[in-house]
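In what follows, a structure is listed as structure tokens, so that the remarks can point back to it.
Read-outs throughout are calculated quantities, based only on the coordinates presented, and are distinct from any laboratory measurement. The shown structure was predicted, so the numbers you read here are calculated from the model rather than taken from an experiment. So basically every Cβ, Gly included, is an ideal-geometry build from the backbone, and we count neighbours across all protein chains shown.
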Amino acid sequence: MDAPAVDTNLVVLDVATRWRIDAALFLIAAAGFLGWSVTEGHASRALVAFVVEVVVGVLLERWTSLLPSATRLAGADRLPAGAQTGSPFRYAVVGAGRVLLVCAVSGGIAFSLGDESFAGGFFGAYAAIHLIGAARARRVERRDRVALRVSVGRRRHGYYVTSPALWGASAG
């Protein structure tokens with residue numbers, strides 16, 4: 001067996017934790033846009049748009065799979081030596097800033113179009129997709145008895161296994 005590569009710049013988080021944080025942030029954004037639309041007096045239209053967008057978003061995810069499949073997660077690489085575990089709190093704070101930026105842009109577009117009901121469902125769909133992905137990752141972890149990690153702070157996300165159980169099974 002080869003010695004693991006050393007990567008001291010790699011910061012990783014638990015896959016399901018990261019996706020749950022993303023889901024929570026986008027659920028908050030979705031609720032904000034839905035609330036904005038309802039307070040503008042478009043409650044029924046806002047609720048219908050929200051539900052339709054969430055359903056279409058989840059169906060599109062099932063078709064195009066924005067998140068990795070269980071097969072790809074099960075085939076994750078071994079975590080390189082020297083990798084650091086990131087802080088979920090720090091990830092949430094940085095993620096909140098990113099979501100606020102996306103919300104500001106979406107809110108500006110919604111305000112300029114005079115239709116604030118369009119954005120909430122997309123945020124809700126994104127949250128639902130990440131909750132589905134977190135459940136998918138947990139199933140892989142339980143089935144293969146591994147702990148999955150995902151890189152943070154890089155443009156290209158890698159998925160890593162931190163448990164030797166999978167490697168012992170695949171070596172024989």
From the Cα gyration tensor of the range 1-101, with a ≥ b ≥ c the square roots of its eigenvalues, which class applies: rounded if a/c is under 1.5, or else prolate if a/b is larger than b/c, or else oblate? oblate
Zero-based 10 Å bins, Cα pair distances in the chain, whole percents: 10, 32, 30, 17, 8, 3, 0
Considering amide H positions built from the backbone, and no H for Pro or chain starts, which residues 5 or more places from Arg78, or on another chain, come under 5 Å of its amide H? Val161
When DSSP assigns beta bridges and you keep just the ones with both residues in the chain, what percent turn out antiparallel, to the nearest 5? 55 percent
For Gly158, distant residues with modelled amide H under 5 Å away: Ser151
May I ask you to derive the relative contact order of the chain, considering only C-alpha pairs under 8 Å and at least 6 residues apart, and to give it as an integer percent? 42 percent
Between Val11 and residues 5 or more places away or on another chain, which pairs have amide H atoms under 5 Å apart, with H built 1.01 Å from N, and which residues are they? Gln84, Val152
Would you kindly derive the ³J(HN,Hα) couplings of the range 66-83 from the backbone phi angles with the Karplus curve 6.51 cos²θ - 1.76 cosθ + 1.60 (θ = phi - 60°), listing them in order in whole Hz, with x for Gly and Pro? 5, 9, x, 6, 4, 5, 5, 5, 5, x, 5, 6, 5, 5, x, 4, x, 5
Per residue, how much space in cubic angstrom lies within the convex hull of the C-alpha atoms of the range 86-161? 100 Å³
Hits for the chain under the membrane-span-like helix rule (DSSP H, Cα axial span at least 18 Å, Kyte-Doolittle mean at least 0.5) are 15-39, 43-64, 88-113
May I ask which residue of Ala135, Ala46, Gly120 lies farthest towards the positive end of the charge dipole of the chain, with charges of +1 (Lys, Arg) and -1 (Asp, Glu) on Cβ and the Cα centre as origin? Ala135
What shape does the range 61-122 take by its C-alpha gyration tensor, where a ≥ b ≥ c are the square roots of the eigenvalues and a/c under 1.5 counts as rounded, a/b above b/c as prolate, and the rest as oblate? oblate
In deg cm²/dmol and to the nearest 500, what is the mean residue ellipticity at 222 nm of the chain if only DSSP H runs of at least 4 residues count, each as -39500 (n - 2.57), divided by the residue total? -22000 deg cm²/dmol
